[in-house]
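Participant: The following block contains the structure, expressed as structure tokens.
The values are calculated or read from the model by the stated rules, or taken from the named source; none is laboratory data. Predicted, not measured: the structure shown is a model, and the values here were computed from it. Cβ coordinates were reconstructed from backbone atoms using ideal geometry, including for glycine residues, and neighbour counts include every protein chain displayed. To get the accessible areas, we keep the full protein, side chains included, count just its heavy atoms, and leave off ligands, DNA and RNA. Shrake-Rupley method; radii C 1.70, N 1.55, O 1.52, S 1.80 Å.
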Amino acid sequence: MEFQVKSISQTAIPEALEKAHRYRLLNEPWQAESICLDVLRIDPANKSALVTLLLAITDQFEAGVSPLRAREVLRSMQSDYERAYYAGIISERSARAHMKQGLPGSNVKAYHELEDAMRSYEQAEAVRPPGNDDAILRWNTCARTLMRHEHLRPEVEYAPEPILEGES
């Protein structure tokens, strides 16, 4: 079934974004996502709506929402810092969703995603605005997660031993 989505007014944007933030706090990220999409229809470059949309999508990773959806939003971000920092957020939150799944191979996937997050945070750190240490705080959190959770390790490659033919 298709519906024609209605537009909100430009003057409603600040209040709409406040509602989106509240819905995230209420653990209703799909509500926040919908509001952000309404805001972005009117103001496609609205930084607050882009950030809130990306975070609302990452809030849904545990429910099976793909990180690719969040990466689509990432392309609309203007600065190198924001793209690097939020790429780290996407990888880190995807890793944490995999950690909670507990499926075979999810710990290996989580390990690699945390590594990706740390690389993104290092890129963000290199271009961060003065006084903004958010990327360092996130990098440290990833590092502590890897140090505390010994089951998060890269996949171990086993080299098969050659089969020796028996002597007769």
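Participant: Looking at Leu68, Leu103, which is the one that is surrounded by fewer than 16 Cβ atoms within 10 Å (Cβ to Cβ), without any contact (Cβ under 8 Å) to a residue 12 or more places away in the chain and part of a helix (DSSP H, G or I)? Give the steps one after another, and end with the answer.
Facilitator: Values: Leu103 fails: part of a helix (DSSP H, G or I).
Going through Leu68, Leu103 in turn, just one is surrounded by fewer than 16 Cβ atoms within 10 Å (Cβ to Cβ), without any contact (Cβ under 8 Å) to a residue 12 or more places away in the chain and part of a helix (DSSP H, G or I): Leu68.
Participant: So, Arg93, is that one touching a Ser or Thr at 6+ places or on another chain (Cβ under 6 Å), part of a helix (DSSP H, G or I), in contact (Cβ under 8 Å) with a residue 12 or more places away in the chain and open to solvent by 10 Å² or more (accessible area, probe 1.4 Å) or not? Give the derivation first.
Facilitator: Numbers: touching a Ser or Thr at 6+ places or on another chain (Cβ under 6 Å): yes; part of a helix (DSSP H, G or I): yes; in contact (Cβ under 8 Å) with a residue 12 or more places away in the chain: yes; open to solvent by 10 Å² or more (accessible area, probe 1.4 Å): yes.
In short, yes.
Participant: Just one of (1) surrounded by 13 or more Cβ atoms within 10 Å (Cβ to Cβ); (2) among the hydroxyl-bearing types (Ser, Thr, Tyr); (3) free of Cβ contacts under 8 Å to residues at least 24 places away in the same chain trips up Thr11, so point out which.
Facilitator: (1)
Participant: Answer with yes or no whether Pro130 is within 26 Å of Tyr23 (Cβ to Cβ), at pLDDT 95 or above and part of a loop (DSSP other than H, G, I, E, B). Write out each step before concluding.
Facilitator: Details: within 26 Å of Tyr23 (Cβ to Cβ): no; at pLDDT 95 or above: yes; part of a loop (DSSP other than H, G, I, E, B): yes.
Against the criterion (within 26 Å of Tyr23 (Cβ to Cβ), at pLDDT 95 or above and part of a loop (DSSP other than H, G, I, E, B)), Pro130 does not qualify.
Participant: So which residues in region 106-126 are open to solvent by 60 Å² or more (accessible area, probe 1.4 Å) and in contact with a Ser or Thr (Cβ under 8 Å, 6 or more places away or on another chain)?
Facilitator: The answer is Asp116, and nothing else.
Participant: Here are the criteria: (1) on the phi > 0 side of the Ramachandran plot; (2) modelled with pLDDT of 95 or more. Tell me which single one Gly105 does not satisfy.
Facilitator: Unmet for Gly105, out of (1) on the phi > 0 side of the Ramachandran plot; (2) modelled with pLDDT of 95 or more: (2).
Participant: Out of the residues in region 133-154 that are free of Cβ contacts under 8 Å to residues at least 12 places away in the same chain and assigned to a loop (DSSP other than H, G, I, E, B), which is least open to solvent (accessible area, probe 1.4 Å)? Please lay out each step first, then the result.
Facilitator: Our first condition is that a residue be free of Cβ contacts under 8 Å to residues at least 12 places away in the same chain; within region 133-154, this holds for 133, 137, 140, 144, 147-148, 150.
Remaining after also requiring assigned to a loop (DSSP other than H, G, I, E, B): 133, 150.
On the way: Asp133: 71, Glu150: 138 Å².
In this case the residue turns out to be Asp133.
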